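Remarks on the structure that follows.
The values are calculated or read from the model by the stated rules, or taken from the named source; none is laboratory data. A quick note: this is a predicted structure, and the numbers were derived from the prediction, not measured. Ideal geometry is used to build each Cβ from the backbone, glycine not excepted, and the neighbour counts take in all protein chains shown.
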Amino acid sequence: MNDELMIDVRGLHHDYTHGTVVEPVLHGLNLRVRRGEFVVIMGPSGCGKTTLLNILGLMMAPSRAESVGIAGCETLGLSEAARTRLRRNELGFVFQRFNLLPTISVRRNIALPLRIRKAEADGQVGELIAQVGLAGCADKKPGQLSVGQQQRVAIARAVVGRPALLLADEPTGNLDSGNSTAILELLTGLHRQHGQTIVMITHNEQLTVTADRILHMRDGCFVD
Ligand SMILES: Nc1ncnc2c1ncn2[C@@H]1O[C@H](COP(=O)(O)OP(=O)(O)O)[C@@H](O)[C@H]1O
Ligand SMILES: [Mg+2]
């Protein structure tokens, strides 16, 4: 795999099976993303965006593909343990639903990926809490925060381990326009400051302004 590429996917197919009915969702899709690129994927509901992101995030295996290269590694044929290692060490995720743990503090939610990796936490977490504008909220529980603040926690958690690749699936889908703008600025800042590679799915036209590249998806393929 070319070293400059963070994602090198070729001939990607995915089908879902409902009983005896097979629903083809991705039809031989190709995607190359350079290291440091900020790519936005847009497309109508049901066209396969989340399916693609889940495959890129190694959360599920495709039905078939020629190549699924992620962070310099060909992932086809890897063991489940190797996929998990790659996912923990190289990938960060932000979802439309923030998926925070409700019973632990903001600080502990953010530090979670580091604890899973058994990495040191404290300094880094404090710095990040300030960077995402949550100084003063570190010891609160997610339920005590606004939805916009909860998504900032989720973003901090996604990037705390400095993942090579950040994958975001409609991160502003549950937010009003003010909070959406704040989240966009946060992601753009991470991209600028750290050269963070980002692949983001969105319906929000406003979010596409700062992207390096916008891809449009229709019925399981990219279109011009
Ligand atoms: N886990 C699943 N099991 C079966 N069908 C699914 C599953 N996830 C998605 N689908 C179907 O695959 C198609 C694409 O879904 P999805 O990837 O979620 O699209 P998008 O994110 O673009 O809205 C839809 O028709 C959806 O119903
Ligand atoms: Mg989706």
Practice item. Taking the options Glu74, Glu90, name whichever one is in contact with an Asp or Glu (Cβ under 9 Å, 6 or more places away or on another chain) and acidic (Asp, Glu). Key: Glu74
Check your understanding: Which of the residues belonging to the stretch 64-92 are more than 16 Å from the chain's Cα centre (by Cα) and among the hydroxyl-bearing types (Ser, Thr, Tyr)?
Key -> Ser67, Thr75, Ser79
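Mind listing whichever residues of the stretch 54-109 are basic (Lys, Arg) and under 25 Å from Leu134 (Cα atoms)?
Answer for the stretch 54-109, where residues must be basic (Lys, Arg) and under 25 Å from Leu134 (Cα atoms): Arg88, Arg97, Arg107, Arg108.
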Review point. Does Gly143 fit the bill of being small (Gly, Ala, Ser) and touching a Lys or Arg at 6+ places or on another chain (Cβ under 9 Å)?
Key: no
Point to revise | Test for Pro171: is it of a type outside the set (Ser, Thr, Tyr) and within 16 Å of ligand 2 (Cβ to nearest atom) | key: yes
Check your understanding: When you go through Arg192, Arg152, Arg218, Arg157 one by one, which is the residue that is surrounded by fewer than 13 Cβ atoms within 10 Å (Cβ to Cβ), more than 16 Å from ligand 1 (Cβ to nearest atom), modelled with pLDDT of 85 or more and among the charged types (D, E, K, R)?
Key -> Arg192
Check your understanding: Does Leu29 satisfy the condition of being assigned to a helix (DSSP H, G or I), surrounded by 19 or more Cβ atoms within 10 Å (Cβ to Cβ) and within 12 Å of ligand 1 (Cβ to nearest atom)?
Key -> no
Check your understanding: Do we find that Thr181 is of a type in the set (Ser, Thr, Tyr) and touching a residue at least 40 places away in the same chain (Cβ under 8 Å) in this structure?
Key -> no
Study note, to complete from the structure: When (1) part of a strand (DSSP E or B); (2) without any contact (Cβ under 8 Å) to a residue 24 or more places away in the chain are applied to Ala168, the one that fails is (2)
Check your understanding: For the stretch 50-64, how many residues meet the condition of being hydrophobic (A, V, I, L, M, F, W, C) and crowded, with 20+ Cβ neighbours inside 10 Å?
Key -> 5
**Study point:** Matching residues in the stretch 1-24 - criterion: being surrounded by fewer than 20 Cβ atoms within 10 Å (Cβ to Cβ), aliphatic (A, V, I, L, M) and outside any loop (DSSP other than H, G, I, E, B)
**Key:** Leu5, Val21, Val22
Exercise for review: Would you mind finding the one in Leu128, Leu134, Leu166 that is closer than 21 Å to Glu90 by Cβ and modelled with pLDDT of 90 or more?
Suggested key: Leu166
Review point. Which residue pairs have Cβ atoms closer than 6 Å, lie 6 or more positions apart in sequence or on different chains, and pair a first residue in the stretch 44-55 that is near ligand 1 (Cβ under 6 Å from one of its atoms) with a second residue that is among the acidic types (Asp, Glu) and part of a loop (DSSP other than H, G, I, E, B)?
Key: Cys47/Asp219
